[in-house]
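In what follows, a structure is listed as structure tokens, so that the remarks can point back to it.
The values are calculated or read from the model by the stated rules, or taken from the named source; none is laboratory data. Keep in mind that what you see is a predicted model, and the values were worked out from it rather than measured. Here the Cβ positions follow ideal geometry from the backbone for every residue, glycine too, while neighbour counts run over all protein chains shown. The protein model used for the area step is the full one, side chains on, heavy atoms only, and it has no ligands, DNA or RNA in it. Shrake-Rupley method; radii C 1.70, N 1.55, O 1.52, S 1.80 Å.
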Amino acid sequence: MVSKMCRIVSMIVLASFAFSSAAWAATCSNASLSGTYGFLHDGTDSNGAPATAAVTQITFDSTTGTFTGEQTASHDGVIVTESVTGMYTVASNCIGTGTPAGGSPFTIVVTSTGFLALHLFSEGFAVKQGSPTCNNDGVTGRLGFETTGLFLAEASAPAVAFIGELKLTVNPSGEGVISGHLSASEDGTFLAEEPVTGSYKIDRDCRGTATITPKGQPEMHFSLVVVDCGKEMLAVETDADTVVSGSLQR
């Protein structure tokens, strides 16, 4: 219950900032939410535990009031990739509604960089894609990395979090290479910082994948969406029995 209440309070605070931002911004309309975005969102069960984590690349067409996209999600640890479609409207106060095909509506608050979203026990945020160079070279450099969620494969289904710095480079063959360090927390126990290695691949559609291997630990696999002109990537873990998501930021 505490976890769920904290998430609701968090969304209220975020929405309050968005509302105040919208108050002095230009009047909104469907055109205020147009183009392609990366959308990171998660949901809880009735006890407040994460049940879904997802990253979606979603495109809004303001002339028709429709959206389309592709989503990679973990539903209670089962990884799926699925298409999303629906309708949306944005009012002059920058608050809108999105209605997925076959689903129930969710509330949207348009911000200067994307939007916030709230749907029953789920919430999330989106960042506009901009005009990144979508290949391995386009995302090189040092990035901060953070993810949170659950490892369902373990009997206690511990809450986990990772944070650290990753260096993305491209080798002479054009392959993306990851190095760096990560710290972790598992069920409230902090684990020592460890070096990591890995690889990544960014496709022309600004979606990608990454494999990160902490020293002495199993590989972790992620689905990525590039946003903010290549300054950020949104991520969801694609290993079975995980509900983990986060971001990489310059």
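Hey, among 98, 65, 103, which residue is within 22 Å of residue 247 (Cβ to Cβ) and of a type in the set (Gly, Ala, Ser)? Reasoning before the result, please.
Working: 65 fails: within 22 Å of residue 247 (Cβ to Cβ); 103 fails: within 22 Å of residue 247 (Cβ to Cβ).
Testing whether each residue is within 22 Å of residue 247 (Cβ to Cβ) and of a type in the set (Gly, Ala, Ser) leaves just 98.
Which of the residues belonging to segment 182-225 are of a type in the set (S, T, N, Q) and farther than 28 Å from residue 138 by Cβ?
First pass over segment 182-225, keeping only residues of a type in the set (S, T, N, Q): 183, 185, 189, 197, 199, 209, 211, 213, 217, 223.
185, 189, 217 - these are the residues of segment 182-225 that are of a type in the set (S, T, N, Q) and farther than 28 Å from residue 138 by Cβ.
For the condition touching a Phe, Trp or Tyr at 6+ places or on another chain (Cβ under 6 Å) and of a type outside the set (A, V, I, L, M, F, W, C), what is the one hit in 141, 164, 180? Full working, then the answer.
Values: 141 fails: touching a Phe, Trp or Tyr at 6+ places or on another chain (Cβ under 6 Å); 180 fails: touching a Phe, Trp or Tyr at 6+ places or on another chain (Cβ under 6 Å).
Just one listed residue meets the conditions, 164.
Taking residue 54, is it out of contact with any Pro (no Cβ under 8 Å at 6 or more places or on another chain), open to solvent by less than 40 Å² (accessible area, probe 1.4 Å), under 30 Å from residue 189 (Cα atoms) and free of Cβ contacts under 8 Å to residues at least 60 places away in the same chain? Before you say what the answer is, go through the steps one by one.
Numbers: out of contact with any Pro (no Cβ under 8 Å at 6 or more places or on another chain): yes; open to solvent by less than 40 Å² (accessible area, probe 1.4 Å): yes; under 30 Å from residue 189 (Cα atoms): yes; free of Cβ contacts under 8 Å to residues at least 60 places away in the same chain: no.
It is false that residue 54 is out of contact with any Pro (no Cβ under 8 Å at 6 or more places or on another chain), open to solvent by less than 40 Å² (accessible area, probe 1.4 Å), under 30 Å from residue 189 (Cα atoms) and free of Cβ contacts under 8 Å to residues at least 60 places away in the same chain.
Taking segment 167-179, which residues are crowded, with 16+ Cβ neighbours inside 10 Å and free of Cβ contacts under 8 Å to residues at least 12 places away in the same chain? Listed by number, the list is empty, since nothing qualifies.
Considering the conditions (1) touching a residue at least 12 places away in the same chain (Cβ under 8 Å); (2) more than 21 Å from the chain's Cα centre (by Cα), residue 150 is excluded by exactly one of them, (2).
At least 2 residues that are open to solvent by less than 20 Å² (accessible area, probe 1.4 Å) and out of contact with any Leu (no Cβ under 8 Å at 6 or more places or on another chain) in each: list the strands (runs of 3 or more DSSP E) lying fully within segment 73-166 that qualify. Reasoning before the result, please.
Values: elements: 78-90, 95-100, 106-110, 114-119, 122-128, 141-151.
Answer list for segment 73-166: 114-119, 141-151.
Examine segment 118-135 for a residue that is touching a residue at least 60 places away in the same chain (Cβ under 8 Å), out of contact with any Pro (no Cβ under 6 Å at 6 or more places or on another chain), acidic (Asp, Glu) and over 19 Å from residue 201 (Cα atoms), and state whether such a residue exists. Yes: one or more hits. Collect the residues in segment 29-72 that are assigned to a strand (DSSP E or B) and among the hydroxyl-bearing types (Ser, Thr, Tyr), keeping them in residue-number order. Within segment 29-72, 36, 37, 44, 52, 56, 59, 66, 68, 72 meet the criteria. Within segment 70-91, residues that are touching a residue at least 60 places away in the same chain (Cβ under 8 Å) and acidic (Asp, Glu) have Cβ atoms under 8 Å from residues that are assigned to a strand (DSSP E or B) and open to solvent by less than 60 Å² (accessible area, probe 1.4 Å) in these pairs: 70/56; 70/57; 70/84; 70/207; 76/51; 76/52; 76/243, counting only partners at least 6 apart in sequence or on another chain.
So which of 197, 213, 209, 189 ends up being farther than 30 Å from residue 134 by Cβ and open to solvent by 30 Å² or more (accessible area, probe 1.4 Å)? Break it down into steps so the answer makes sense when it comes.
Values: 197 fails: farther than 30 Å from residue 134 by Cβ; 213 fails: farther than 30 Å from residue 134 by Cβ; 209 fails: farther than 30 Å from residue 134 by Cβ.
Just a single option satisfies the conditions, and that option is 189.
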